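The values are calculated or read from the model by the stated rules, or taken from the named source; none is laboratory data. Treat the numbers as computed from the prediction; the structure is a model and nothing was measured. Here the Cβ positions follow ideal geometry from the backbone for every residue, glycine too, while neighbour counts run over all protein chains shown. Heavy atoms of the whole protein, side chains included, go into the accessibility calculation; ligands, DNA and RNA do not. Shrake-Rupley method; radii C 1.70, N 1.55, O 1.52, S 1.80 Å.
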Amino acid sequence: MKMVCLGGGPAGLYLGISMKLRNPENEVAVYERNRPDDTFGWGVVFSDQTVDNLMENDPRSGKAIADEFIHWDLIDCYVEGKVERSGGHGFIGLGRKRMLQLLHQRAEELGVELHFETEVDLDDIDGRFADADIIVASDGLNSKVRNSDLDNFECTIDVRPNKFVWLGTHQTFSDAFTFIFEKTEHGWIWVHAYQFDDKTSTFIVETTPEVYDAMGFEHMTHEESAETCRKIFEDYLDGHDLMTNSAHIRGSAWISFPYVKCDNWIKMTVSCSSATPPIPHTSRSALAPSSVWRTPYPWPSI
Ligand SMILES: Cc1cc2nc3c(=O)[nH]c(=O)nc-3n(C[C@H](O)[C@H](O)[C@H](O)COP(=O)(O)OP(=O)(O)OC[C@H]3O[C@@H](n4cnc5c(N)ncnc54)[C@H](O)[C@@H]3O)c2cc1C
């Protein structure tokens, strides 16, 4: 089988690895617009159960990932300075960039073809990828393929109202996954912080649209937003700055989470010969979006 993955994030890479493991004769090519070391965001977390699933599917990459992760069991929740600690959660954290590097290595080892700095267009589906048996739309949240045919994929997109910004810090929060809720003069703003390497933590700040507007985040540069957040949470930062790497986002660094739901993940294209009745001789499908990645991230509700 010949498969092409449009997009080389975790979904496209891990699907490529999985297809090769199931049958080394499968031909899999992954096309990614970025360079191997470009990525957005900071660290990601997985539950212990997700790591078990990775180990079951591919012990080699599962172990490589698990060996690099920071593991913790506790969650600290600070509300206006008072902390509640709970245990037994079992989570691990790893830099997104490092995770992609490990997946690149494993994919190449298994013979997956990786093409970087290659932008894919919709025309390519029937153009240069015309001989593929399966085309997978692993092009992420803003998938061009999915957005080009929302009706076929029975897709609904619900953009949630809260705003968040994904920052990093050298304050490590090494004891526990940490939530911090602070009440400003305009209302509540809160943080999800977790360590992902020996000197860095992810620091996601989230707030309501009302507080976002009142604080003026919409009109701040990325650096101004980071500095404003640093001042709000400085009691927890031990003198460390908040860092931004969101140059790929135009305008404000703050975005909203869309809830994307596809009831159909397949689009079949059948080419017919001139015989009567038509005899399908090629069948291809675009799956949108591939989602082999599980997201066990413990978003709290308040
Ligand atoms: C703030 C935040 C925190 C998160 N934390 C976690 C977490 O802790 N744990 C967790 O499991 N998940 C987390 N997630 C979710 C996680 O990031 C996604 O589930 C995951 O990235 C989805 O993988 P993907 O491969 O489908 O898409 P992406 O990671 O978006 O990858 C898509 C790839 O396709 C490429 N691409 C797109 N269009 C084209 C094109 N036309 N041509 C070529 N290439 C293209 C892009 O460059 C990109 O590399 C978080 C997300 C956010 C925003």
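Tabulated results
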read-out	value
Members of region 145-157 that are in a strand (DSSP E or B) and within 16 Å of the ligand (Cβ to nearest atom)	CYS155, ILE157
Among residues of region 67-97, those that are under 15 Å from VAL51 (Cβ atoms) and either open to solvent by 50 Å² or more (accessible area, probe 1.4 Å) or of a type in the set (S, T, N, Q) (or both), counted	5
Residue in region 132-144 that is of a type in the set (Lys, Arg) and more than 10 Å from the ligand (Cβ to nearest atom) present	no
Breaking point among (1) closer than 30 Å to GLY90 by Cβ; (2) assigned to a strand (DSSP E or B); (3) modelled with pLDDT of 95 or more, for LYS183	(1)
Every pair of residues 6+ apart whose Cβ atoms lie under 8 Å, when the first sits in region 212-227 and is within 7 Å of SER252 (Cα to Cα) while the second is among the aromatic types (Phe, Trp, Tyr) and assigned to a helix (DSSP H, G or I)	GLU218/TYR212
Failed condition for THR169, given (1) open to solvent by 10 Å² or more (accessible area, probe 1.4 Å); (2) modelled with pLDDT of 95 or more; (3) away from the ligand (no atom under 12 Å from the Cβ)	(1)
Failed condition for LYS82, given (1) modelled with pLDDT of 95 or more; (2) closer than 16 Å to GLN105 by Cα; (3) not aliphatic (A, V, I, L, M)	(2)
Filtered residues of region 205-236 (kept if assigned to a strand (DSSP E or B) and either modelled with pLDDT under 95 or open to solvent by 10 Å² or more (accessible area, probe 1.4 Å) (or both))	GLU206
Residue match in region 71-87 (condition: more than 18 Å from the chain's Cα centre (by Cα), of a type in the set (Lys, Arg) and either closer than 27 Å to ALA226 by Cβ or within 11 Å of the ligand (Cβ to nearest atom) (or both))	yes
Helices (runs of 4 or more DSSP H) completely within region 1-92 that count 3 or more residues being under 30 Å from GLU117 (Cβ atoms) and not aliphatic (A, V, I, L, M)	10-22, 59-68
